[in-house]
Amino acid sequence: MIQAARQEGPQTAHPAAARAIPAAQNARGSGEALADLRFRTLLGVEGWARLPAAVQARFAHRLHPGDAITYVGEVTECRMRPAGWLLAQLARLIGAPLPLGRDNGTAAVVSVTEDGASGGQVWTRIYARRRGFPQVIHSAKRFAGPTGLEEYLGAGFGIALRVKAEADGIRFVSDHYFWRLGTLCLRLPRWAGHALGPGALTIDHRDLADGRFSFTLTLRHPLLGVLIRQTCHFRDPVPADEEIVP
């Protein structure tokens, strides 16, 4: 059954994540890097040690509040069943967090902005389409909740995520879905969200070497199978002092 809980005051972060979030006191533009222990703490010492050095570097650098880092690439695969396509269209009501079409070979851009107010991150994803305007997806990651990481999609809906270390990257796995309105939070049990809801969501960040990585979103329903699968390939930004000037 749906579990409801009222929260007094601001939401409390996951204990481990709370200890890992240092106050962003460095002035913006000071040139000093901010160490980011948030993902390292969620993965644990052994899990973090398993990651390739390039993946550690991407998830160990914390931006100054208001700053952003942008990754450019392309959609290399996008498959969806009819039920997945229908679900993606219905999800327009909460900001269209799923790919709306099957286009591939098109441009993809991801921008991650540090949110100084919440201590989390704002993710903006832009996917070009062969017809019409690009699809723009906004979501916010907050290091809070029972799993230590939540992603807010829109209209109060969100996903609690668990983080797992893989030999070639990081896997984000949906634990449960929820809806929040002020201090009221309605949590959908895991079995209900996966069987009666959209299904189990996994997001894989895999290192491809030479400054490249893949980002794969898979939505799998226990009865209907894989509803949506989208893979994008990105490359790390080139430092300003290494840019080639014509």
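Distance from the Cα centre of the stretch 122-154 to that of the stretch 79-119, in angstrom?
First find each Cα centre; the distance between them is then 7 Å.
Note down the nm distance, to one decimal, between modelled labels 7 Å out along Cα→Cβ at VAL122 and at ARG79.
For VAL122 paired with ARG79, the spin-label model returns 3.6 nm.
Using +1 at the Cβ of each Lys and Arg and -1 at the Cβ of each Asp and Glu in the stretch 142-214, identify which of LEU161, GLY199, THR183 lies farthest towards the dipole's positive end.
THR183
If you take the square roots of the eigenvalues of the alpha-carbon gyration tensor of the stretch 147-204 and sort them as a ≥ b ≥ c, do you get rounded (a/c under 1.5), prolate (a/b over b/c) or oblate?
Note, shape of the stretch 147-204 comes out prolate.
Once the other residues with Cβ under 14 Å from the Cβ of ARG102 are scored (Lys, Arg +1; Asp, Glu -1), what is the net sum?
+4
Compute the Cα gyration tensor for the stretch 113-233, then decide on rounded, prolate or oblate, letting a ≥ b ≥ c be the square roots of its eigenvalues: rounded whenever a/c is under 1.5, prolate when a/b is larger than b/c in the other cases, and oblate in all that remain.
rounded
Kindly state, to the nearest 0.05, the FRET efficiency for LEU93 paired with ARG131, given R0 = 22 Å and r defined as their beta-carbon distance.
My answer for the efficiency is 0.50.
Counting other C-beta atoms within 10 Å, and keeping those with at most 11, which DSSP coil GluC sites (Glu not before Pro) do you find in the stretch 148-246?
When the GluC sites (Glu not before Pro) of the stretch 148-246 are filtered for loop state and at most 11 Cβ neighbours within 10 Å, GLU243 remain.
Between rounded, prolate and oblate, where does the stretch 48-197 land on the alpha carbon gyration tensor, with a ≥ b ≥ c its root eigenvalues, rounded for a/c under 1.5, else prolate if a/b exceeds b/c?
Rounded, because the longest to shortest axis ratio a/c is under 1.5.
In the stretch 114-158, which trypsin sites (Lys or Arg not before Pro) fall in coil by DSSP and have 15 or fewer other Cβ atoms within 10 Å?
ARG129, ARG130, ARG131
Read-outs throughout are calculated quantities, based only on the coordinates presented, and are distinct from any laboratory measurement. Since we're looking at a predicted model, the values are computed, not measured. All Cβ positions, even for glycine, are placed from backbone atoms using ideal geometry, and neighbour counts span all protein chains on display.
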